[in-house]
Structures are given as structure tokens and as C-alpha cells.
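Laboratory data are not the source of any read-out in this text; all were calculated from the coordinates shown. If you're wondering where the values come from, they're calculated on a predicted model, not measured in any experiment. With ideal geometry, Cβ positions are generated from the backbone for all residues, glycine too; neighbour counts draw on all protein chains shown.
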Amino acid sequence: MKLEGRWRLFGIAFLMIYLLFSLVPIVWVIISSFKTHYQTLIMPPKLFFKPTITAYKNVFLGGMGKVFLNSTKVAVIDIFAAMIFGIPAAYSLARFKSKVTENIGFWLLSLRMAPAFGVVIPVYILMRRFHLLDTTVAVNAAHLLINIPFAVWLLKSYIEEIPVEIEESALVDGATRFQTLIHIILPVSMPMVVTVAILIFIFSWNELFFAFVLTSSEGMTVPVLVASLAGSMTFNWPLLCAISVCSMVPAFVFAFVVQRHIVRGLTLGAIR
Amino acid sequence: MRKTSLHERDKYRFLVPTVLVCALLVSFPFVYMLYTSTQYWIALRPERSFAGVGNYRSVLLSTEFRQSLLTTVVFVIASVIGSIVLGFALALVLNEKFRGRNVIRALLTIPAIIPPAAAGFTWKFLLNRDVGLIGGFFLPLLGVKRALLGDPGWALFSVILADVWCQTPLMFLILLAGLQAIPVELFDAARIDGAGFGQVLVRIIIPLLKRVLGLAVIIRFIFAFTTFDVIFTMTGGGPGIATQTLPLLGWKTGFLYYDLGQAAALAVVMLLITVFFSSTLVRMVKL
């Protein structure tokens, strides 16, 4: 569809304004993270100033490196755990159809439609009983509750599109199902496996609610740190900006790498 | 013959554990939530007792629930409409071919994949009366000197704005995917017949995108209805309870007052509302 004349001008103007609306907030936070606390208080704000990396030093030398480590740990363990279960499960659901599993899609994603404060209650009770509150294990368990069904669902729809014939010759030659899964299906599915891994990483890295309820200091993840500092009354603006910028780094990387696949992931696989 | 028996045996070896684990994984939270909602259960006390529908009655009859429900309705409607209209407009513009389109698309995606907590902080910072670019600089230039997040009406407007900011990219990407599936020949034919863009939009694009639009509304509704992070980071539900949507009420009930029974009851109520609305929408657009 070609936009012409008047509509074209409207379109360009709208896009420009929206880009400003979309990016200025982030750029403003990035700029402010290089200021001193005093400089952030100056109004009207100065665009040109002597940048300092003090805030970033404070983040990583001030003991907050551990929080970033926690977040990374949770996300990476989540990816592996979801894959170890998700790949075989997706394979069996895609290849062995049965009446029971026909409508499994809606069911698998239902946890994502439920309010998080309800889903977290059983996890909270279990973790308290096993004295695992405030550990990354608790956060991992809660995230896997969402991520495993999510991985199964996305991988299943991908494997369904792989023709069965490529497996059959291997099966006829005496390979076991497990061998065909590892040596034939898995290599073909790699693009989707990587996409799912990235989406799990983003979910885990961004997730606030479960982590907020289940941890308080030792097991704290990055969004919890951001939320609790933003909610406190004393503000060290450059420090908060620096933490936020660090928390956005994966987004900056992945926006360019996977934007095509993000649609599939964020729409829960409903649109390809 | 041998092949079918092989498949049959495989089928159970693979499917049974999968279905069992999935069933446990997905059902356990729901069953437990339902069970908890029928108990008088304060998290830090050992005793609990059967409540029947007691928790539901307390939740549904409280004035705080009614106010939060109203706030949620306003929040959901404004946020869904805002992000879909903006996302649709962006999709129409970016469906054009021009240089730099991919870079712009990637840049527009960023607000949707940064941590929502960071997005909440970003807007809180931006709107702050002392240090924010908008609240401390632009608005005073226009003569507005009040703290936006301290005023009940403006605070609600602000969290809606921040949520639209986060969620529009997703709507844009969904609708763009839908637009790109429309065959170009249809547009060419319309143009040869002398149809202007407005006519093409109303007569061709919107009818053809009905399903995708419906899907976008459903997804967006579910996300807006359960939004917690952005609001919590920006206002914590305040001032007072002006921006306290149902998820924030649920958090407060369950993890500030430790009334797990009532929190679970509220979660079940919200789940029923979600199921009701999404199935109605699904029927409306015949997905």
C-alpha cells in the first residue's frame, strides 16, 4: 500500500513524533546516568556537561553486582531447565497426536492469563516450607512455571511443521525415537530453540512480581532492585538511572537480533 | 505391521510423561489457588480453617474492591484503545518500504522488551517535578507546576501513558504482521479503481484485519488486566488508592496483609473475568 500526498505527510509526521515519544525517555535516562547528583537537579537541564561514570562504579562496586549475577543465573538456568523438559515434550505432543492433547494449547498458556499474585501463592507456600524464600531457586521455580509451558507450546508448533519423512528413514534404519530427536529434529529446530531461549531470557530478566514476592535481599533480581529503589523516598537519581540502563542492556541487544521472532513469542505463538 | 506397533509403544513412552508433567505443572497452581480461596488463611499464622465462600464475600463486598475495579476498568479501556490505535497507525506507516525501516522497527521495539519495572522508573523520573524532563522542565514552561503523580486523576493518566508506551510496540508488530499478509494485488486493484487511502483503510484493510485485530485486543486485554510492574514502580497504587488496579490490590491483600485466602479469592474472580471476556471476544471475531 503506497501512502500518497496528504496521507504521506501525516504518516511521516506521526512516525517522527512517535519515535521521539518512544526514545526520548530512554535517552534521557541514559544521559542522566552520566551526571552527578547535583547536575540532575539543575533546571533547565543541560545537554552538555562533563560526563562521569561514578554512578556505574557505584552500581558494580557498591555490592549491586550480585543482583545482576542473580538475574543472569536465574535466566540461564531457566533456559536450560525449560529446554531439557520442553524439547522432548514438544516433540511428543507434535508427533503423537491423541484426543487428550488436542486442545493443549489454551491449557498450556492459561497460567500466563492468570493474575501473577494468584499463581505465586502455592510457590510462596512451598518455598517457605522448604526454607527457600529469598534464594534464586525460588525465583527459578516460579519462572519455570510460566516458561516450561511457553517453551513447549512454541516448540510444538514449530516441530509440527517439520515433515515427518525426514525422520522416517532414520527410524526405518533402526534409530530410536530419542536418537532421531537428538540427531535430526533438534538440528532442524535450532532457529526456534534459539528464539525460545532468548524469549525465556527476556521474560526471566524482566519479571518483577514473582521475584519481588519470593525474595528480599540475597536472592534479589534486577527488577526487584529497580522497583524497591524507585519506591523508596530518598533518590540518588544518577545511580537509579545507571541501574535502569544496565537492566535495559539485553533489550538493546535483542531488539536488533530477534525483532522478527519477538512477534511470535510475545503473541504467545498465535501469530507467525 | 512392525512399524505401527513400534509407533504405538513410542506413543505411550513419550506422551504419558509429557502429559503428566504438563498437567501437574499447569494444574497445581490453579488447584491450590482454588483451595486457598476457600480457607481463612493468614500467611504467618499456623492455623487455618474452612471459609466456604467467606473470602469471596469479603472481597466482593469491600469498597476497596469496587474502587479498584473501577480504576481497572478505566485503565484497561484507555490502555487497550491507546496502544491499539497507535500501534495500528505505526503498522500502516511502517508497512511502506523506505530506507532505515528495519532500524526504526528495532528502535520502536525497545520499550516493549526493557524490564517494565525500569519503564516505570523511567516515567516516574521523567514526570518528577524536581528533576524530570517533562515534570520539571516542559510542564512548568506550559505553566503546570503540580506534581503529576501526586494528583489522583493525573496519576492514573500517567500510568496509562506509561503502559501505552510499553505495550504499543507489541500491537504494532502484531498488526504489521497481519498487514503484510494482505496480498498487494488488492491494493493495486483498489487504486486502479480510484479509491483513496481512507476508503482502502475502511473497505479493505480493517475488514481483512478483523481477526488479527481481535487477537490483538484479546492479548492486550489480558496483559492490561494483569499489569502490575509499571504501576507498582511508578506510584505503588497511590496517591491513596487512585492507581490501585486489581493486581495491586491482590498483592497488597496477599503479601502486605498476608491474607492468602482473600488474595486467592480475588485471583479466582479475576481469572473468571478474563475467561469470560476473552471467550466473548473470541466468539465475536470468530477466531
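Calculate for chain B the 222 nm mean residue ellipticity that helices alone would give, adding -39,500 (n - 2.57) per DSSP H run of length 4 or more and normalising by residue count, nearest 500 deg cm²/dmol.
Working: 12 runs with 201 residues, N = 287.
Per the formula, -23500 deg cm²/dmol.
What share of all Cα pairs of segment B:85-161, in percent, falls into each consecutive 5 Å distance bin?
Histogram of Cα-Cα distances, whole percents per bin: 3, 13, 17, 18, 14, 15, 12, 6, 1.
Find the lysine pairs in segment A:1-127 meeting two conditions, Cα atoms under 25 Å apart and a separation of 8 or more places or different chains, and report how many there are.
Qualifying lysine pairs in segment A:1-127: 7.
Can you check what the net charge comes to around B:Tyr40, using other residues whose Cβ is under 13 Å from the Cβ of B:Tyr40 (Lys, Arg +1; Asp, Glu -1)? Walk me through the numbers before you get to the answer.
Working: positive: B:Arg45, B:Arg48, B:Arg57; negative: B:Glu47, B:Asp259.
Neighbourhood net charge equals +1.
Quick one: helix A:222-231 against the long Cα principal axis of chain A, what's the angle to the nearest 10°, folded into 0 to 90?
40
With the Cα gyration tensor of segment A:131-232 in hand, give its eigenvalues times 5 under a square root as the equivalent ellipsoid semi-axes, listed largest first in whole angstrom.
Equivalent ellipsoid of segment A:131-232: 40, 14, 9 Å, largest first.
Output the 0 to 90 degree angle, nearest 10, between the alpha-carbon long axis of helix A:116-129 and the longest principal axis computed from the alpha carbons of chain A.
80
Highest first, please rank the peptides B:67-79, B:93-105 by the mean number of other Cβ atoms sitting within 10 Å of their residues. Could the numbers behind the result be given before it?
Working: B:67-79: 18.6, B:93-105: 14.1.
Packing proxy ranking, top to bottom: B:67-79, B:93-105.
If you plug each phi of segment B:84-93 into the Karplus form 6.51 cos²θ - 1.76 cosθ + 1.60 with θ = phi - 60°, what whole-Hz ³J(HN,Hα) values come out, in order, with x for Gly and Pro?
With the stated coefficients, segment B:84-93 comes to 6, 4, 5, x, 5, 4, 4, 4, 4, 5 Hz.
Lysine pairs, Cα distance under 28 Å, 8 or more residues apart or cross-chain: how many in chain B?
On the way: B:Lys3/B:Lys11; B:Lys97/B:Lys210; B:Lys124/B:Lys145; B:Lys124/B:Lys252; B:Lys210/B:Lys286.
Eligible lysine pairs with Cα atoms under 28 Å apart amount to 5.
Counting only residues 5 or more places away or on other chains, whose amide H sits under 5 Å from the amide H of B:Ile241 once H atoms are built in the peptide plane?
Under 5 Å from the amide H of B:Ile241 lies no amide H from a residue far enough along the sequence or on another chain.
For B:Trp41, list long-range residues whose amide hydrogen, built 1.01 Å from N in the peptide plane, is under 5 Å from its own amide hydrogen.
Counting only residues 5 or more places away or on other chains, the set is B:Leu260, B:Gly261, B:Gln262.
Given the peptides A:108-121, A:244-257, arrange them by the average over their residues of other C-beta atoms within 10 Å, most packed first.
On the way: A:108-121: 23.6, A:244-257: 19.6.
Top to bottom by mean Cβ count within 10 Å: A:108-121, A:244-257.
From Cα coordinates alone, what are the radius of gyration and Dmax values for the protein assembly as shown in angstrom?
24.7, 84
Taking θ = phi - 60°, what integer Hz values does the Karplus form 6.51 cos²θ - 1.76 cosθ + 1.60 yield along segment B:56-71, in sequence order, with x for Gly and Pro?
4, 4, 4, 5, 5, 8, 6, 5, 5, 4, 4, 5, 5, 4, 4, 4
What's the average, rounded to a whole number, of partner chain beta-carbon atoms within 10 Å of each residue's beta-carbon in A:38-44? Present the calculation step by step, with values, prior to reporting the outcome.
On the way: counts 0, 1, 6, 3, 2, 8, 6.
Shielding by partners across A:38-44 averages 4.
Once the Cα gyration tensor of chain B is diagonalised, what are the square roots of 5 times its eigenvalues, in whole Å and ordered largest first, as equivalent ellipsoid semi-axes?
Values: eigenvalues 280, 232, 62 Å².
Value: 37, 34, 18 Å, ordered largest first.
Which of the three applies to segment B:1-100, rounded, prolate or oblate, going by the alpha-carbon gyration tensor with a ≥ b ≥ c and a/c under 1.5 meaning rounded? Each step should come with its number before you reach the end.
On the way: a/c = 3.92, a/b = 1.03, b/c = 3.81.
Oblate, because a/c is 1.5 or more while a/b does not exceed b/c.
Highest mean first, what order results for A:21-33, A:204-216 on Cβ atoms within 10 Å? Each step should come with its number before you reach the end.
Working: A:21-33: 18.6, A:204-216: 24.5.
The peptides rank, most packed first, as A:204-216, A:21-33.
What average number of partner chain Cβ atoms lie no more than 10 Å from the Cβ of the residues making up B:166-178? Display every interim value, and only then the final one.
Working: counts 0, 1, 3, 5, 4, 1, 2, 8, 5, 1, 1, 6, 1.
Mean number of neighbouring Cβ atoms from other chains: 3.
Counting Lys and Arg as +1 and Asp and Glu as -1, what is the net charge of the other residues whose Cβ lies under 14 Å from the Cβ of A:Trp28? Mind showing how you got there, number by number?
Values: positive: A:Lys35, A:Lys46, B:Lys124; negative: none.
Within the 14 Å Cβ shell, the charges total +3.
Any idea what the relative contact order of chain A is, in percent, if you count C-alpha pairs under 8 Å spaced at least 6 apart?
Values: 249 pairs, mean separation 82.6, N = 272.
In percent, rounded to a whole number, it is 30.
Treating the beta-carbon of each Lys and Arg as +1 and of each Asp and Glu as -1, no other charges, what is the dipole magnitude of the protein assembly as shown about its Cα centre, to the nearest 20 debye? Before the final figure, lay out each step's value.
On the way: 45 positive and 25 negative charges, 97 e Å.
Result for the protein assembly as shown is approximately 460 debye, rounded to the nearest 20.
Whole-Hz Karplus ³J(HN,Hα) for segment B:195-205, in order, using 6.51 cos²θ - 1.76 cosθ + 1.60 and θ = phi - 60°, x for Gly and Pro?
Using θ = phi - 60°, the values come out as 7, x, 4, x, 5, 4, 4, 6, 8, 10, 5 Hz.
Averaged over A:186-193, how many beta carbons belonging to a partner chain fall within 10 Å of each residue's beta carbon? Don't skip to the answer; put the middle values down first.
Values: counts 0, 0, 0, 0, 0, 0, 0, 0.
If you average over the peptide's residues, the count of other-chain Cβ atoms is 0.
Would you mind classifying chain A by shape? Square roots of the alpha carbon gyration tensor eigenvalues, ordered a ≥ b ≥ c; an a/c under 1.5 is rounded, otherwise it is prolate if a/b is larger than b/c and oblate if not. Kindly include the intermediate steps, with their values, before the conclusion.
Details: a/c = 2.38, a/b = 1.47, b/c = 1.62.
Note, shape of chain A comes out oblate.
By the gyration tensor of its Cα atoms, with a ≥ b ≥ c the square roots of the eigenvalues, what is the shape of segment A:1-102: rounded for a/c under 1.5, prolate for a/b over b/c, or oblate?
oblate
Given a cut-off of under 8 Å on Cα pairs at least six residues apart, what relative contact order in percent is computed for segment B:110-185? Can you show the working numbers first?
Numbers: 53 pairs, mean separation 23.7, N = 76.
Result for segment B:110-185 is 31 percent.
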